[in-house]
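Read through the structure below, which is laid out as structure tokens, and then see the notes.
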Amino acid sequence: MTIAERPPAVHPHGRIHLVVPKRPGADFDLVRAKLEGAFAAHTHDVVWHVPDQRGDIVDLAVTAVRAAQADAGLVVAAGGDGTINAVAAAALQAGVPMGVIPMGTFNYFSREHGLALDPEVAVQDMLRAMELGDMRPVQAGFVNERMFVVNAAVGLYPRLLAEREKASKRFGRSRMVAILSAVWSMFRPAGGRRWRVILRTHEGAQARQEEHLVTTLFVGNNPLQLDRMGLAQAQSVADGGQLGLVLLQPQDRWSVARTVWNAATGQLARDPAVVSMACAEMSVAPASWRPAQVKVAFDGEREWMAPPLRFRVHDKPLWLVTRTTLDRDPTSAPAAGDVAASPLAQEVPAPEPTAPPAISPLPALG
């Protein structure tokens, strides 16, 4: 990723174009009341963009970004990592900055970037940064033509997300529901698949090819999440230009229990079933029988994609309206023993297609 020129500045007192999802198991009236209360003490005009259906948020995010661009206002994602993904993809494609009000289940993106988790404080901080013209570049990852700000994965993980969404609809949206659903999914039988991986560890490095038999291939773009799992690749991602790759090998139920515990306690690097590394770009495809499509999860959304899957860092950053220096609040981040910090628990989102970044392609697989 190269730090591009800053996008056009937003008007210090411009309109706020607020994108708010309707999520399974969530009380939308409560969310709206919190946000209205947060903006009540400020004079900014707020335009609400609320989808009728969950899938509508992709088009709605594009509409909100265009409206903010037209009136020099600010587009804001009020939700979790999935909502941020939808707005961020549209904002990146249009080359405009965005704001975030954390209102998700785990808020990995917001925690990583030091945003206040209280809506009123988050709004106050964001509007202050807007008035000062403060913004910070954020690395964006891509899998094929889909953007991800937190992670992307194939294998067991997409199934885990689908089952967690069903649990949220039935029991309500909460951390405990997400965690228990994820752990239940991990203990169900899961077959492995052999993947052929071609990767470059850094820009300009020679590509190398490997094969791995795994149940899950997980690519992280969030240093906080990787750090809470105890993976050294967190620092490589934080430094910029690289993604963290985690490979989980097939194992019996007792070994799965060990892996879940290690992920929850920040000791995943010592787990014998886990292989992890950092890379600048990577191309992945099944090593033997190659299906026409494989299911991919990215920031919680699930989509069928044709292999090979190409993971890379976008050559331009997303611009986040916030303090220019990163100052994480240690009380807002999960403790090392917080099970929510593992990739077993994440918010369910909706992404936006964007133009693929201009990069030199890896050698073809197969």
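Numerical summary
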| item | result |
| --- | --- |
| Size of region 1-145 as Cα extents on the principal axes (Å, biggest first) | 40, 38, 28 |
| Projected area averaged over orientations for region 183-285, convex hull of C-alpha atoms, nm² | 6.3 |
| Area accessible to solvent at M282, 1.4 Å probe radius, in Å² | 0 |
| Region 68-161 - Rg over Rh from alpha carbon coordinates, Kirkwood radius | 0.98 |
| Förster radius 51 Å - calculated FRET efficiency between R253 and D45 (Cβ-Cβ, nearest 0.05) | 0.40 |
| Where T259, T265, T325 fall by accessible area, highest first, once all protein chains stay in place (1.4 Å) | T325, T265, T259 |
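The values are calculated or read from the model by the stated rules, or taken from the named source; none is laboratory data. Everything numeric here is computed off the predicted structure, so don't read it as measured data. Because the Cβ atoms are built from the backbone with ideal geometry, glycine has one as well, and the counts that use them run over all protein chains shown. For accessibility, only protein heavy atoms count, side chains too; no ligands or nucleic acids. Shrake-Rupley method; radii C 1.70, N 1.55, O 1.52, S 1.80 Å.
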